[in-house]
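Down below is the structure, laid out as structure tokens.
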Amino acid sequence: MKLVTFAVDTPVGEIRRVGAIRKDGFYVDLAAGREAYLKAKGVEQAYIQAQLDCPSDMLAFIRAGEDALKKGYEVLDFAADREPGKADGLTVVYDPAAVRLLTPIPRPNTIRCFSLSEKHMLNGIKSMQDTAAWGGTKPSLTKLPDEWYNLPTYYKTGTTEIYGPDELVPWPSLTDLFDYELEIATIIGKRGRNVPEEEGENYIFGWTLYNDWSTRDWQNREMSINLGPSLCKDNASSLGPCIVTRDEFDLYNAHFTIRVNGEVWSETMVDLYFPLKHLVEYVTRVQTIFPGDIFTSGTLPFGAGCELKKWIPQGGVIEFEAEGMGILRNYIGKKGEPAPLPAAQRPYLKVIRGEDV
């Protein structure tokens, strides 16, 4: 299933819905569709039951687990031929052109940023050395430490500066070298602690694309004291366009393309030194993971401009495309110019009745 969060404008304000992408590209509102499905079966209090079966908030939907997915597939079958628009007091199917696609998880619980591609890391280190440290500060990292091959370490980044598809990402005022990083975000689907490695993949709900925007000159300054990254990464992240569930996406055989202003800059595939199931085991040795947590892969090989020694322009358009997932497109602002807050921070209304839409 391909799951999305989308916004609908109403006379009283914006509401947000969890949808699944139908084969023809239309969005099926899973909560409203579940209500229509239950009403057709004569179930009393269908609205209440539908909200339990297929919650209209993505984090709540993920927490509902395999049962929500099963019932979501029932809704997709039920709404397979339904036309967009309101019928019997419910809007079940939406034309994507009539709504705004948001980041699928507007406010994740936490984002753990791993770095799992040896090829990317070696390319990045070489680029730092060859380009005078991206801004004048000599990099402290001259080779991959031995422990990189033993420990799948990570840092945590902010969960508030999350941008979605087609949003404008501001160019941070503190940098002259803004860069993208193509990564895969693994969405955790179950609560767990002390998870055996052989069971780790069972805790994966699905994947989406992740752009770990980076200010390279500022990054070198921060990391020269062996404490970063912080502002160099926390300035912005992008997630989207959808979450593809584990049963519908072949992560290790998917092809990824990066375009800058319409020009292909690189094509790549997943290359992980540690398997994802090992990350689950590693983190849960001492921490509890929760549905809606995100583990990022680190940059895929040739997934950052710095590896190519090419820098994105102010005012540019960056597109990540993944087979079977879609396109995560963002517009870049210009240095010193204000940009809107990410939609993830925008206030919205919670629907109390399915008939409100």
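Just so it is clear, none of the values below were taken in a lab; they were calculated from the coordinates. As the structure is a computational prediction, the values presented were derived from the model and not from experiment. A quick note on method: Cβ atoms are made from the backbone with ideal geometry, for glycine too, and the neighbour counts reach across all protein chains shown.
Overview of results
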{"quantity": "Anchor residue 143: lysines whose Cα lies under 25 Å away (excluding residues fewer than 8 positions away in-chain)", "calculated": "119, 126, 156, 233, 309, 310"}
{"quantity": "q = 0.08, 0.11, 0.15 Å⁻¹: log10 I(q)/I(0) that the Debye formula gives for the chain, counting C-alpha atoms only", "calculated": "-0.40, -0.74, -1.28"}
{"quantity": "Residue-wise HN-Hα coupling along region 73-85, computed from phi with Karplus coefficients 6.51, -1.76, 1.60 (Hz; x: Gly, Pro)", "calculated": "5, 4, 5, 4, 5, 4, 9, 4, 10, 6, 7, x, x"}
{"quantity": "DSSP-assigned coil residues among GluC sites (Glu not before Pro) in region 289-357, each with at most 15 further Cβ atoms within 10 Å", "calculated": "323"}
{"quantity": "Under 5 Å, built H, 5+ apart or other chain: amide partners of residue 169", "calculated": "331, 332, 333"}
{"quantity": "Sequence-separation-based contact order of region 111-341, relative, with Cα cut under 8 Å and 6+ spacing, percent", "calculated": "32 percent"}
{"quantity": "Residue (of 122, 97, 168) at the positive-pole extreme of the chain, dipole from beta-carbon charges", "calculated": "168"}
{"quantity": "Nonlocal amide H pairs with residue 163, under 5 Å, H built at 1.01 Å", "calculated": "237, 238, 239"}
